[in-house]
Amino acid sequence: MTTIRLWDLPTRLFHWLLVLAVTGSVITIKTGMPDWHGRFGLLVVGLLSFRVFWGFAGSTYARFSSFVRGPGAVMAYLRGQWQGVGHNPLGAFSVLLLLGLFGFQATTGLFATDEIAFKGPLYPLLSSSWADALSSWHRMTEWYLYGLVTLHVLAVMFYTKVKKDNLMKPMITGKKEVAPGLAEDARGGGVVAFLVCLVLAVIVVLGASGSLLSPPPAPEPAPQSLGW
Ligand code: HEM
Ligand code: HEM
């Protein structure tokens, strides 16, 4: 067996910070800390945007082009006719589902309201009927998130225990042992690519936080009493 570099540091940091941010969002909304819910939610927005940019500029196995494949590849994988490293075709499908569902959750949150005092930062941009619809989707998606994350963790455990393929270790150390000649070290995704993706993600977060919106108009001054 030889050891290759599989997951670059930004991909690993993205993953574990996403776990932290999602856990933080759920705990804070359930314990009555909506401001912190919004902050953790914006961290999710930043991390997911970073991951999308990194999917084009990151190192070999982090790139979408290396793991997004059609249904044919998934069928071939299920028939046992796939050899490779990184996300397998079925795993890639679940990665896209996780990114999509969490992206949907974070985006709907930006426009949501609890109809009391807590509003997402982009709430003023939509009509109240749209905001109501997005708020109810935001609440409904919660159960799909729990289901998908449970499946994700069960799948990782299944690979480790049953298929004797430890997926966890590479997501922590970045390294994986493979048969000689099966795959090469990940390449690309250097510091410049990282900084560009980081700056783009910060711009997305600034937009999502509402800081780029013009402030609401100042209230009309009270009519002057003429003293009569
Ligand atoms: C992936 C990240 C997120 C997760 C997992 C998440 C999860 C949740 C959950 C589970 C609730 C329902 C709480 C309950 O009724 O018990 C909720 C409500 C809410 N969230 Fe998020 N949220 C996320 C991102 C965001 C973001 C980015 C914002 C805006 C900055 C946001 C704003 C809101 C608002 C305004 C509510 C109240 C909606 C209502 O009660 O109808 N959320 N969130
Ligand atoms: C909120 C919870 C979680 C979310 C949203 C999540 C999301 C993701 C995503 C999006 C990826 C793809 C990584 C990429 O290419 O960028 C991934 C991979 C992975 N996750 Fe998670 N994850 C969560 C929890 C966990 C936990 C608790 C574990 C540990 C048991 C775990 C272990 C892994 C592993 C080992 C991989 C690599 C899978 C492979 O080799 O194909 N995840 N996760």
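Could you look through the stretch 14-39, keep only residues that are of a type outside the set (Val, Ile, Thr) and not in a helix (DSSP H, G or I), and pick out the one that is nearest to Gly188 (Cα to Cα)?
Met33
Return the pairs, sorted by first residue and then second, in which the second residue is at pLDDT 95 or above and not hydrophobic (A, V, I, L, M, F, W, C), the first residue lies in the stretch 100-119 and is closer than 14 Å to Val22 by Cβ and near ligand 1 (Cβ under 8 Å from one of its atoms), the beta carbons are less than 7 Å apart, and the residues are 6+ apart or on different chains.
Gln105/His138; Gln105/Thr141; Ala106/Gly41; Gly109/Gly41; Gly109/Gly120; Gly109/His138
Looking at the stretch 136-161, which of the residues that are within 19 Å of the chain's Cα centre (by Cα) and of a type in the set (Gly, Ala, Ser) is nearest to ligand 2 (Cβ to nearest atom)?
That would be Ala155.
Can you find a residue in the stretch 181-191 that is surrounded by 14 or more Cβ atoms within 10 Å (Cβ to Cβ), free of Cβ contacts under 8 Å to residues at least 60 places away in the same chain and either aromatic (Phe, Trp, Tyr) or not in a helix (DSSP H, G or I) (or both)?
There is no residue in the stretch 181-191 that is surrounded by 14 or more Cβ atoms within 10 Å (Cβ to Cβ), free of Cβ contacts under 8 Å to residues at least 60 places away in the same chain and either aromatic (Phe, Trp, Tyr) or not in a helix (DSSP H, G or I) (or both).
Of everything in the stretch 4-13, what is assigned to a helix (DSSP H, G or I) and surrounded by fewer than 20 Cβ atoms within 10 Å (Cβ to Cβ)? Give them in sequence order.
Leu9, Arg12, Leu13
For every residue, the table says whether it meets (1) touching a strand residue (DSSP E or B) at 6+ places or on another chain (Cβ under 8 Å); (2) closer than 23 Å to Met33 by Cβ; (3) assigned to a helix (DSSP H, G or I).
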residue: Ser66; (1), (2), (3): no, no, yes
residue: Val74; (1), (2), (3): no, no, yes
residue: His138; (1), (2), (3): no, yes, yes
residue: Lys163; (1), (2), (3): no, no, no
residue: Lys176; (1), (2), (3): yes, no, no
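Go through the residues of the stretch 29-36 one by one and say whether even a single one is within 13 Å of ligand 2 (Cβ to nearest atom), among the hydrophobic types (A, V, I, L, M, F, W, C) and touching a residue at least 12 places away in the same chain (Cβ under 8 Å).
no
Just checking, does the stretch 76-87 include any residue being part of a loop (DSSP other than H, G, I, E, B), among the aliphatic types (A, V, I, L, M), farther than 17 Å from Phe102 by Cα and without any contact (Cβ under 8 Å) to a residue 60 or more places away in the chain? Quick ask: steps written out before the conclusion?
Taking the stretch 76-87 as the starting set, the residues that turn out to be part of a loop (DSSP other than H, G, I, E, B) are 79-87.
Going one step further and asking which of them are among the aliphatic types (A, V, I, L, M), we end up with 85.
Narrowing further to those that are farther than 17 Å from Phe102 by Cα: 85.
Those still in the list that are without any contact (Cβ under 8 Å) to a residue 60 or more places away in the chain too: none.
No: zero hits.
Can you find even one residue in the stretch 148-156 that is near ligand 1 (Cβ under 9 Å from one of its atoms), in a helix (DSSP H, G or I) and either over 25 Å from Val95 (Cβ atoms) or not basic (Lys, Arg) (or both)? Walk me through how you get there before you give the answer.
Residues of the stretch 148-156 that are near ligand 1 (Cβ under 9 Å from one of its atoms), as a first pass: none.
Among the residues of the stretch 148-156, not one is near ligand 1 (Cβ under 9 Å from one of its atoms), in a helix (DSSP H, G or I) and either over 25 Å from Val95 (Cβ atoms) or not basic (Lys, Arg) (or both), which makes the answer no.
Looking for something of a type in the set (A, V, I, L, M) and within 30 Å of Tyr61 (Cα to Cα) - is there at least one such residue anywhere in the stretch 101-109?
The answer is yes, given that some residue of the stretch 101-109 is of a type in the set (A, V, I, L, M) and within 30 Å of Tyr61 (Cα to Cα).
The values are calculated or read from the model by the stated rules, or taken from the named source; none is laboratory data. Predicted model, so just to flag it, every value in this text is computed and none were measured. In this analysis, Cβ positions are derived from the backbone assuming ideal geometry, glycine residues included, and neighbour counts consider all displayed protein chains.
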